[in-house]
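Here, each number is a calculation from the coordinates, and none is a lab measurement. Keep in mind the model is a prediction, meaning the values are calculated, not measured.
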Amino acid sequence: MPSRDVKDEMQAGDMPLPTPQAPQAETPPPSIQIQVTEEMEKQLVDIVLEDWRASKQAREKLDFGIDAKGGKYSFDSWLKGLRDLYKSYREPKTTPWKYCSNRSLRIATAILDMIHSRLYPAVVNEELLRWRPGETTDQPKAERITKLMHWWIWIHSRMRTFFDNWVKQVSAYGDAVSESFWKVTPIDKGEVFEEPITDPLTGQPATNPDGTPQTRKSRLISLIEKTDSKVYQKEDVFLQEGSRDLQAEPVILRDNFKYRELEQGEAEGKFVNVAALLREKIEWDKPAETGQMTPEEVEKVKSIKIRNKDVEVLKAYLKFDADGDGFDEDIRVIVAAEHDLYLGGIAVRDLTKSGQRPINFTKFDSRIDCPAENFGEGVLEKVKELAEEIDAIFNQMTDSNTISILRPFFYDAGGDIDAPVLKLAPNKGTPVSDPTRNVFFPDISIKTDQLILAIRLVLEFIERLTAASSYVLGKESEIVGGSGTATRTQAIVQAAEQRFAMPAERLREGASRIIQQHLDILQLNIPPGLENRVLGEDGMPLFESNELTAEGISGEFDAYILMDPSMGSKQTERELSSMLYSVLLQNIIVGTDPAKIYKITADFLKSYGKDPEEYLGPAPDEDMIDKPEDENTLIVQGDFSRVRAQITENHMLHIMKHMELLQSPSIQAMGLTAPNLATQIVQFTQQHIQEHQQQMQAMVSLISKVGAGKPQQGGKGGKGQSDTGSQGDGRPSRMETVPGPLGEAMDSKRSGQIGSSSQFSGGAA
């Protein structure tokens, strides 16, 4: 991952990072914390704790249903039930007998994983990320931002893992809150070097009395700088009742820090009051009669045991007049809730360039029974009861099989049967005086096929509820044992995709907002010399010098992810690509531009997992003449070297224009005045037309082979054409009605021979 380090920056002539100077103490960096009084700190702690308690009370008012015992689900018990369902955890069971079947088929897990696997590639597609310019920016700058953020998000910050977890949580629990932030990770490379010392008064290199330069030893520290995001667990998010706008209303996020992280943060100016927090921790551990901290206790604070302990904190976004100007500012406050201690605060405008809170709330489906509108309904909640019903039926079926093999029986207590040691086994005989009278096995007939039918019925209800079945994968249902036509299957697939359309749209918008927050944070923290580290696949910089500066990437930009209409389905993607290919080729703007034709053909091949260059070769040569009129001019001039058929050209248009050349009066006249040149022109033109025909046929054949062997509409010649060269309505094509020498040449070509130039030269003579 790209990084900055002291030594490299010094070699490049940039300002080195601050390094420790022994034995002198390092000057702490300037703090960007809001400056508040001790009284204001207490006030902020009270506000955060009150909002926290109000939020917990608000979510307990919500209706999460009735549990198995007839009581109302609390928020915690409801959430635990959903997690147990996904992990297939089941409470121990002893009914109807000890060690009875208590297994889970993990239906909910399979459904959620299936939906997640379809939504993630449809929503988080790095190739579909775009940026729109704002009111104060222009399109070239937006294109620069698009290229930069593609590298920053997917290559540098490596956000795929975050988005994978984020999509999973939104889908599972119905919603998720995330927070984005700037992250700097120092890496000690283990190298020590001599660093020159600068005289603070003169700004010149400091020297010793003997004139030699003064130096100090420094360690090479590499800084990994990036943006990152965290998705919070549902129980760690606290919103106010009726909250609809997370940018304006209080939002509290519960998080954990290590004591050592707080210590380091205080040294960097990010936290305050950490020493008081540590003292309080020591007081918990020491006897009550002990007065002040002993030296041993001070050492204990510095111990690994204490420094690695977690401190639960509350991150609160709220409005507060921190600077005393009479107006509330949007700030983020961190409070150690268990200790009622203020740990720091920062203005949101110092977190993001726009001043927007770097938090995002995304729903999967809305709940109609939640007036607060700050909870969504996820997949696990939708399928919970039905999945548990399937597990119950399956366990009943297993127990039924068990009881049919090991049937209960009645025996005469006064007989000669030793029931405690009697074990039924194949080919084992047990002597009994009178089996018909002393032992009785009741007839227990259990029809497991009815239980299997019940499972299929419940599964169908789940499929209807979630649209997550084998149909979603593009094949007939394996559960219900149905069979149908390809048309029926495709219709069901389309219906399923429509069912996922709105959740996918919500996720797409949420992902766009998160990515936009990353740019918002980068604009405020852009590291120097970034253009030297943004490299392409060839290892060369993607940007010119000084393009990636605070000014160079400033401005308003809107991130948006294009919706993938295939919803992650390869089959649907291929069908859409084939249809798009056919439509675009008939468009006059696309069909006359070799570059555009090459791109849509390459996209078509990519949808089948094929390498475009393997079939098409490299992209079209821009130096080649591609307009048929310009080619005709070069042909008449005898300049044949620059005329070449390219696979991405509009072959039909070229054929028509070259046919017109052969029929032109100028060529006929040239046959009388310059027969040799006329012969060469006709011969080359016929061969050039043949090249276009061959490439057109090769393209149609390629599409037919790649497209699962299905011929295109109208036969091998493409839409509206038969393989004999006639139009789809039975009318002869233009190729069949060409008069003169070219028509003869075409006829000869159909019979296996290209027309001879002597035919024309003889006629012209």
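Structural remarks
- The spacing between segment 499-542 and segment 265-279, judged by their C-alpha centroids, is 33 Å.
- Full-stretch length increase - residue 199, residue 425 - with 0.36 nm per residue and alpha-carbon distance subtracted: 71.8 nm
- Pairs from the table (230/319; 315/363; 69/98; 56/226; 226/270) lying more than 28 angstrom apart at Cα are 56/226.
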